1. Name the residues whose placed amide hydrogens come within less than 5 Å of the amide hydrogen of Ala23, ignoring near sequence neighbours (fewer than 5 apart) on the same chain.
2. What list of ³J(HN,Hα) couplings, whole Hz, do you get for region 60-69 from phi and the Karplus terms 6.51, -1.76, 1.60, once you set θ to phi - 60° and write x for glycine and proline?
3. Can you list the residues, at least 5 places off or on another chain, whose amide H is less than 5 Å from the amide H of Trp34, using H built in the peptide plane?
4. How much accessible area does Ser30 have with a 1.4 Å probe, in Å² rounded to the nearest 10?
5. Along region 42-56, what does the Karplus equation 6.51 cos²θ - 1.76 cosθ + 1.60 (θ = phi - 60°) give for ³J(HN,Hα), rounded to whole Hz, x for Gly and Pro?
Amino acid sequence: MSDEDEDSEPAVSLGERTAVEGAPLARVSSRLTWPKEKSEIDRLEGESVIRTPDGPRELSAVLEAVDETYFQRRQEFESEVRQVIGTGPVPTADE
């Protein structure tokens, strides 16, 4: 199939783009190398704003509520943070 055969529009309508404030937790944690201490995560990424079901929150504020001080793997870190922020739909910037 050549480029000339393809339509200029996508085959599936993607809908309207809705702004969401903050970065996904996975994006923030992927910028780090593991294992990592909580204090080092706070120093490197504490100012990052992450998406939560209650709206955007600074990672530093979330880390204050996390009891664990050392994370062997990224999955451990994300699990502990999700226990604090919860899971569910993330509000859009308009809400």
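The values are calculated or read from the model by the stated rules, or taken from the named source; none is laboratory data. Because the structure is predicted, anything quoted here is derived from the model rather than measured. Ligands, DNA and RNA are stripped out before the accessible areas are found, and what is left, the full protein with its side chains, is counted by its heavy atoms. Shrake-Rupley method; radii C 1.70, N 1.55, O 1.52, S 1.80 Å.
1. For Ala23, whose amide H was placed from the backbone, the distant partners under 5 Å are Val49, Ile50, Arg51.
2. So the Karplus estimates, Gly and Pro as x, are 4, 5, 5, 4, 4, 8, 8, 7, 5, 10 Hz.
3. none
4. Probe radius 1.4 Å; accessible area of Ser30 about 70 Å².
5. So the J values, rounded to whole Hz, are 4, 5, 7, 10, x, 7, 5, 9, 10, 7, 9, x, 9, x, x.
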